[in-house]
Amino acid sequence: MTTPIDELSVRITADTSAFTASLDGLARQADGFSGAISRAFRDAVVGGKEFDDILKGLALRLSTMALNAALKPIESGIGGLLSGLVGSLGGVKPFAKGGVVASPTYFPLSGGLGLMGEAGAEAIMPLARGPDGRLGVSGGGAPVTVNIAIQTPDAQSFRKSEAHVAATLARAVGRGRRGL
């Protein structure tokens, strides 16, 4: 005895725009080649061209189409690179104080070209060496004002502890500069 099986429905959605565009490109190339064949035979019949010349012309047309199709990705890549470089040269924006790059931008790099902002906004932060020699993000912070209140019973006792207070203050400022 057979057991009934439940039905299963699956809905599949996919972005086929690249496939459709590729098919459209192939259709245009096929139309172009068929047009070349038609012109070649028309030239043979009406113009009296030799069949050998017609075949050479068709072979040249076919090889040109194949070469153009093969070079298209390279042409697109170089075109995009050059347009990015020319676009970035048109309006030079300094980032000495930092900034944000929100779209793909090429920049010179010791080994060639770098790309930033390709996946969204990226920050540029200026770096500086601290008194301890470490490299870190500079700027961005507002100046800090420190008020020190010293209470003494008289001016004479303050003068006696002045060197000690100055040394303690200098150590505290040094630690603050190092981020400790």
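The table below lists the values:
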| read-out | value |
| --- | --- |
| Of all residues in region 28-70 being free of Cβ contacts under 8 Å to residues at least 24 places away in the same chain and among the basic types (K, R), the one that is surrounded by the fewest Cβ atoms within 10 Å (Cβ to Cβ) | R28 |
| T13 modelled with pLDDT under 75 and of a type outside the set (F, W, Y) | yes |
| Residues of region 84-119 classified as modelled with pLDDT under 70, surrounded by 11 or more Cβ atoms within 10 Å (Cβ to Cβ) and out of contact with any Pro (no Cβ under 8 Å at 6 or more places or on another chain), total | 3 |
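The values are calculated or read from the model by the stated rules, or taken from the named source; none is laboratory data. Keep in mind it's a predicted model, so treat the numbers as computed, not measured. Please note: Cβ atoms are built from the backbone with ideal geometry, for glycine as well, and neighbour counts cover all protein chains shown.
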